[in-house]
Amino acid sequence: MDHLAECNFGFEPIKRKEVIKQLVEDSKQPYSIFFRNEHTSVPVVKVPIQLPIYRLSNGRTLSFQEEYVVQHGQDINFFTRDQDSVEAQMAQHTILIKLAENKDLYGYFKNPNNKQTEPVFCTNSGVIVNGNRRMSSWRELYYSDANKYRHFQYIEVAVLPECDEAAIEDLEHRLQVIPDMKDPYCWHAEAKKLKMLRDERKLPKEMIINRYPQYSERDIDTRIEMLFYAEQYLESVGKSHFWSIVTGDEFAFGQFVKNRKALSNPEEKILFQELVFATITKSEVGRLYGKIPEMQKYFPDIISALFNEFSCSIDHNNQDANDQLALLGISEQPTISPVALARVVSLPDNQELAVKLCEDVIESQKVLEKEAKNATFLVDQVRKANTTLKNAISVSRGQADISTVGLQEQIVAIENTLLQLREWIK
């Protein structure tokens, strides 16, 4: 960031205000906006690109600021202590330029023919309210080649009248970005904004819905719940606050919240959570949206498969499992404890196998449903199982390095299944 040394990321506060005040007095270029519930005109002025500062409470960057603080070992109040801090402004620039590059906003303005067409909004003290990513792109380009991008030496800003934070937040929400490049917040940044409005600002739900008309009250609660479980997931993989990891998992967490509610047993909810977390870690993002509902649909069969595989690893007297059950108000542990099984599934060495078993169960159950209508269904399935076992034995013979760990338990399980089949035939 050496090429940005001259930028200083904003004039001194008093100087910013004085320069803007003088320019506003001389301005003859009004700009019409809807602000504080009325149509009004604000002055547009040209200021040096190094004059404004970024708005550190920008809703789009809340979660990424958390990630930056953890990555760089900064104090938790790094972005809230002083909005004029050069260090905090530099850090905000790093976040903003990355967001601009991800959405090719930076690439758009890298073409010298693409210049500023709409003013950015700023307060009368020089804080950019709307257009922070554009500003970061223009600064990055201008200070990399001042001659090529001299059209960014001065930028147009529409100066807002004196106003409170609520008015600024409302404007930020309605004017996220210029119309031809409209881009919604990352889902976790938006969820943080919703949570802040509900839990910190204590806004009535009617006001939040009015600001976010695309969401119902239930939708808002769901998105905040998604944020909660995303936080738990990041903590479980040792990446607390690294929000960029889950940026692409919006639909996965949405499906998780929805399908978790469909389970009535609190112990099974714990196991379902661990299994979904393992699936998010080990699976391709694009496949999760459809996979999670299938996991819930076939969950009893998945529990059986997991128990058959990991029964030797489960300590039914494990104190951690008992403590979790006690928190749920369950005094006696059942024969097969989903909580104990969840603990085994959560271990990194077991996650890949657990996900594979889950996928196998889903595929086999879908095939079974398809074939169940056939009159010869039962005989066909037993024949397939017999063929599979014979093939496994044939392939394994003569191979000294074949693992037999857990084989005896699987044989016992098969024998028990055959006993049930014989009884049913009788």
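Apart from one condition, residue 98 fits all of (1) more than 24 Å from the chain's Cα centre (by Cα); (2) surrounded by 14 or more Cβ atoms within 10 Å (Cβ to Cβ); (3) closer than 25 Å to residue 141 by Cα; (4) basic (Lys, Arg); the exception is (1).
Within segment 61-92, the set of residues being part of a loop (DSSP other than H, G, I, E, B) and under 18 Å from residue 235 (Cα atoms) comprises 72, 73, 76. Reported count of residues in segment 167-184, each being at pLDDT 70 or above and in contact with a Leu (Cβ under 9 Å, 6 or more places away or on another chain), is 4.
Does residue 44 count as among the aliphatic types (A, V, I, L, M), outside any loop (DSSP other than H, G, I, E, B), touching a Pro at 6+ places or on another chain (Cβ under 9 Å) and in contact (Cβ under 8 Å) with a residue 24 or more places away in the chain? Against the criterion (among the aliphatic types (A, V, I, L, M), outside any loop (DSSP other than H, G, I, E, B), touching a Pro at 6+ places or on another chain (Cβ under 9 Å) and in contact (Cβ under 8 Å) with a residue 24 or more places away in the chain), residue 44 qualifies. Residues of segment 25-52 that are surrounded by 12 or more Cβ atoms within 10 Å (Cβ to Cβ), out of contact with any Ser or Thr (no Cβ under 7 Å at 6 or more places or on another chain) and more than 21 Å from residue 151 (Cα to Cα): 34, 35, 36, 40, 42.
Inspection of segment 313-333 identifies no residue that is assigned by TED's automatic domain parsing to the domain that holds residue 238, modelled with pLDDT of 70 or more and within 28 Å of residue 408 (Cβ to Cβ). For segment 385-414, taking the residues that are charged (D, E, K, R) and surrounded by 10 or more Cβ atoms within 10 Å (Cβ to Cβ), the one that is farthest from residue 308 (Cα to Cα) is identified as 390.
The values are calculated or read from the model by the stated rules, or taken from the named source; none is laboratory data. None of the values given here were measured: they were computed from a predicted structure. Glycine also receives a Cβ, built like all others from the backbone with ideal geometry; neighbour counts cover every protein chain displayed.
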